[in-house]
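Report on the structure given below.
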Amino acid sequence: MKALFKSGPQPGFELVDRPEPVPGDRDVKIRVMTTGICGTDLHIQAWDPWAQANVPTPLVPGHEFYGEVVEAGPLVQDIKVGDRVSGEGHIVCGTCRNCRAGRRQMCIRTVSVGVQRDGAFAEYVVIPDTNAWVHHDESITPELGAIFDPFGNAVHTALSFPLVGEDVLITGAGPIGLMAVAVARHAGARKIAITDVSASRLELAKRMGADMAVDVSRMHLDEAQAQLHLAEGFDIGLEMSGRASALREMIDNMTHGGRIALLGLPAEEIAVDWGKVVTHMLTLKGIYGREMFETWYAMSAMLQSNPQLHEAVSGVITDVLPASGWAAGFEIAREGSGGKVVLDWTRI
Ligand SMILES: NC(=O)c1ccc[n+]([C@@H]2O[C@H](COP(=O)([O-])OP(=O)(O)OC[C@H]3O[C@@H](n4cnc5c(N)ncnc54)[C@H](O)[C@@H]3O)[C@@H](O)[C@H]2O)c1
Ligand SMILES: [Zn+2]
Ligand SMILES: [Zn+2]
């Protein structure tokens with residue numbers, strides 16, 4: 001099969017022929033149709049210090065994908081050949097305390113598809129049957145199916161705290177922040193403000209339904225608050241940039257008792273005004289991955305019940321390229337001015 005491959009500990013990928021993966025007794029083999037390009041893939045491609053410390057080679061990267069089941073191991077239940085699925089990329093141990101309690105997203109031994117084992121920038125990928133999410137809704141296109149992983153990040157974060165009637169601040173209008181706008185709207189938020197420093201992404205954010213898209217290189221958030229007629233600050237914060245200044249500005253602009261869910265992954269330690277966190281009685285909650293599998297259930301259910309949400313989330317996919325054009329796709333993703341970039345593995 002054709003696959004993007006990192007042969008050793010150095011920058012770059014190559015499109016090469018690799019042996020097809022063989023499913024174990026409880027695995028499914030999936031013919032990959034679409035794979036999303038994520039920031040993690042850009043780190044692995046660039047072979048930056050994070051990748052050097054966390055990624056073993058050789059590796060086929062890719063963890064955001066959709067495809068058709070072509071083979072199922074003898075012990076696989078409830079999934080059959082021909083099913084269309086998205087992949088949950090976090091493979092959990094099943095036996096640690098959290099796994100046994102049903103809190104799989106908190107497994108202490110999580111292994112990531114396309115990061116620590118071979119992934120889905122390839123014509124075929126193998127995952128445990130429990131990691132495949134079967135789509136029963138024909139409106140889920142292969143492109144939309146490929147972004148269930150990052151959509152799940154947005155849903156997990158946005159639904160961490162009740163949003164009905166709340167004023168919400170989202171920092172970072174990358175693909176995940178953009179989807180979070182649509183989810184917050186669905187979940188009943190009153191005012192939604194989103195920040196970024198990219199004019200094109202802020203434009204996309206307005207189309208997602210944000211009440212205000214703030215370029216923080218030009219406007220302070222207290223001015224945004226005034227324009228939104230907020231008297232006491234934001235109730236809920238969703239940090240989706242991983243930037244120190246964004247987190248500090250968020251803490252500065254929350255109401256007392258405000259709640260913040262943190263998804264963005266900072267590249268280094270961040271100093272914050274902990275005195276303000278304490279005296280303003282803020283709650284900070286880290287978010288990793290998707291809840292297995294309540295987030296997946298919520299994603300499918302919300303897309304099915306809300307056509308506007310379906311349209312908005314689909315609109316976050318701004319570029320679909322044949323897998324043979326992977327290098328151009330990675331360049332577009334690295335530019336960081338559009339939405340999600342998806343590779344089509346049926347065109348290789
Ligand atoms: N916790 C998890 O499980 C998980 C999973 C996926 C991604 N992430 C992280 O979530 C974040 C969002 O992911 P994404 O794919 O949308 O990333 P992205 O890098 O495309 O988006 C981040 C956005 O933040 C913007 N930004 C830069 N400086 C800013 C500032 N000062 N204020 C506001 N915005 C600023 C950037 O212009 C960019 O548009 C990233 O940090 C990513 O690493 C975490
Ligand atoms: Zn990802
Ligand atoms: Zn576990």
| request: Would you check if E268 is more than 21 Å from H156 (Cβ to Cβ), modelled with pLDDT under 95 and acidic (D, E)? | output: yes
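Kindly provide the set of residues from the range 60-84 that are within 28 Å of G8 (Cβ to Cβ) and either surrounded by 24 or more Cβ atoms within 10 Å (Cβ to Cβ) or touching a helix residue (DSSP H, G or I) at 6+ places or on another chain (Cβ under 7 Å) (or both), ordered by number.
Within the range 60-84, P61, G62, H63, E64, F65, G67 qualify.
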| said: Looking at (1) in contact (Cβ under 8 Å) with a residue 60 or more places away in the chain; (2) under 23 Å from the mean Cα position of the chain (by Cα), which one does R18 not meet, given that it meets all the others? | reply: (2)
| query | Can you name the condition, by its number, that G242 falls short on among (1) loosely packed, with under 14 Cβ neighbours inside 10 Å; (2) in contact with a Pro (Cβ under 6 Å, 6 or more places away or on another chain); (3) among the small types (G, A, S)? | reply | (1)
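Evaluate the range 66-84: report whether one residue or more is closer than 30 Å to A267 by Cα, outside any loop (DSSP other than H, G, I, E, B) and within 16 Å of ligand 2 (Cβ to nearest atom). Reasoning before the result, please.
Residues of the range 66-84 closer than 30 Å to A267 by Cα: 66.
After this cut, where a residue has to be outside any loop (DSSP other than H, G, I, E, B) as well, the list is 66.
Filter again for within 16 Å of ligand 2 (Cβ to nearest atom), leaving 66.
Checked the range 66-84: at least one residue is closer than 30 Å to A267 by Cα, outside any loop (DSSP other than H, G, I, E, B) and within 16 Å of ligand 2 (Cβ to nearest atom).
Mind telling me which of the residues G24, G36, G8 ends up being of a type outside the set (S, T, N, Q) and either under 13 Å from F330 (Cβ atoms) or not in a loop (DSSP other than H, G, I, E, B) (or both)?
On the way: G24 fails: either under 13 Å from F330 (Cβ atoms) or not in a loop (DSSP other than H, G, I, E, B) (or both); G8 fails: either under 13 Å from F330 (Cβ atoms) or not in a loop (DSSP other than H, G, I, E, B) (or both).
The match here is G36.
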| request: Give the residue, chosen from Q45, Q77, that is modelled with pLDDT under 95 and either in contact with a Ser or Thr (Cβ under 6 Å, 6 or more places away or on another chain) or not acidic (D, E) (or both). | output: Q77
| said: On the basis of being buried (at least 22 other Cβ atoms within 10 Å of the Cβ), away from ligand 3 (no atom under 16 Å from the Cβ) and farther than 15 Å from E20 by Cβ, does G87 make the cut? | reply: yes
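Name the residue, out of T171, T157, T130, that is within 16 Å of ligand 2 (Cβ to nearest atom) and either hydroxyl-bearing (S, T, Y) or in the same structural domain as F330 (by TED's automatic domain parsing) (or both). Quick ask: steps written out before the conclusion?
Numbers: T171 fails: within 16 Å of ligand 2 (Cβ to nearest atom); T130 fails: within 16 Å of ligand 2 (Cβ to nearest atom).
On inspection, the qualifying residue turns out to be T157.
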| said: Cβ contacts < 7 Å: first residue without any contact (Cβ under 8 Å) to a residue 60 or more places away in the chain, restricted to the range 25-43; second residue outside any helix (DSSP H, G or I) and away from ligand 3 (no atom under 16 Å from the Cβ), any location; separation 6+ or different chain. Result? | reply: D25/G73; D25/P74; D25/L75
| task | Answer yes or no: is there a residue in the range 240-256 that is more than 16 Å from ligand 3 (Cβ to nearest atom), in contact with a strand residue (DSSP E or B) (Cβ under 9 Å, 6 or more places away or on another chain), on the phi > 0 side of the Ramachandran plot and free of Cβ contacts under 8 Å to residues at least 40 places away in the same chain. | result | no
| Hits in the range 90-124 (condition: surrounded by fewer than 20 Cβ atoms within 10 Å (Cβ to Cβ), within 15 Å of ligand 1 (Cβ to nearest atom) and part of a helix (DSSP H, G or I)) | M106
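The values are calculated or read from the model by the stated rules, or taken from the named source; none is laboratory data. Because the structure is predicted, anything quoted here is derived from the model rather than measured. Backbone-built Cβ (ideal geometry, glycine too); neighbour counts: all protein chains shown.
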